[in-house]
1. Remind me, relative contact order of the chain in percent, using alpha carbon pairs under 8 angstrom and six or more residues apart?
2. What number in nm² do you get for the range 73-223 if you take the convex hull of its Cα atoms and divide its surface by four?
3. Just for the Cα atoms in the range 1-110, what are the lengths along the principal axes, largest first, rounded to whole Å?
4. Identify all aspartates and glutamates with a Cα-Cα distance to LYS92 below 17 Å; exclude those on the same chain that are fewer than 8 residues away in sequence.
5. Using amide H atoms built 1.01 Å from N in the peptide plane, name the residues 5+ places from THR180, or on other chains, whose amide H lies under 5 Å from its own.
6. Straight-line reach from LYS131: which lysines have a Cα under 26 Å away, not including same-chain ones fewer than 8 places off?
7. Normalised by the residues of the range 39-148, what does the relative contact order come to in percent, with Cα pairs under 8 Å and at least six apart?
Amino acid sequence: MIYVMSDIHGHYEKYRAMLETIRFAADDTLYVLGDMLDRGPDGSKILLDMSARPNVVGLLGNHELLAASILPALLRAICQGEGQPLDRTEQKLMQEWIQNGGKASILEFLRLSGNEMETVLEYLSKLLAYKEVTVQGRRFVLVHAGLDHFSADRPLEEYGLEDLLFCRPDPGTAYFPDKTLVFGHTPTRLLYQQIGEPGLLDRIFHRGTTIGIDCGCGHPNGRLGCLCLDTMEESYV
């Protein structure tokens, strides 16, 4: 089976509980569509677990982009001491990261062993920006946030990280006629509110050829959602 989830935001226990809920097996594949880090306390723990599983594929989220931008400099400053402090650009990135929930991830990273730090940094550097998959004859485009400045004639490789990681999709947008866009980043409660269906808060969002799967795990009272692309079965923790 092929599964997708997103926006775990440091909630390792929910992540592991979801793997148990779906009975995740060695012949299954799970795509995690970004934002494994921040807000919750165990983002690096999630990345370390994912990195050890060849059948779990991580995609880049805006929170991982921030982490990958500053963690190497932070590690350099730690290893080399006060002689190599963060420069102004790095300090600005650090402040932005903290403002976006990065404090928990920074504190956790600093508690890791040297080998664990290197594993996290290497894993972050290899995260994909998007992925195309075909499941049961149905084609899917998997991405963290959506496709900003969308054009049906625009190849996926021409979208920049700003387009893929930071946008807030309009649930009424018609994307590909022959492919389904699956994304996280925007809590589904907001998508349902935009189309006037607030009774479906924190459930996976389906509309036309778009599927939103961020069910608010990183927010108070939110849930972690997981979708099986083979069967469209939904699971929640």
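Every read-out reported here was derived from the displayed coordinates using simple, explicitly stated rules and does not represent laboratory data. Quantities reported herein were computed from a predicted structural model and do not represent experimental measurements.
1. 23
2. Details: hull surface 47.1 nm².
If I average the Cα hull's projected area over directions, I get 11.8 nm².
3. On the principal axes, the range 1-110 reaches 50, 24, 20 Å in Cα extent.
4. Excluding near neighbours in sequence, the set is GLU64.
5. It is ARG139, PHE140, VAL141, by chain and number.
6. Those lysines meeting the cut-off are LYS14, LYS45, LYS179.
7. 40
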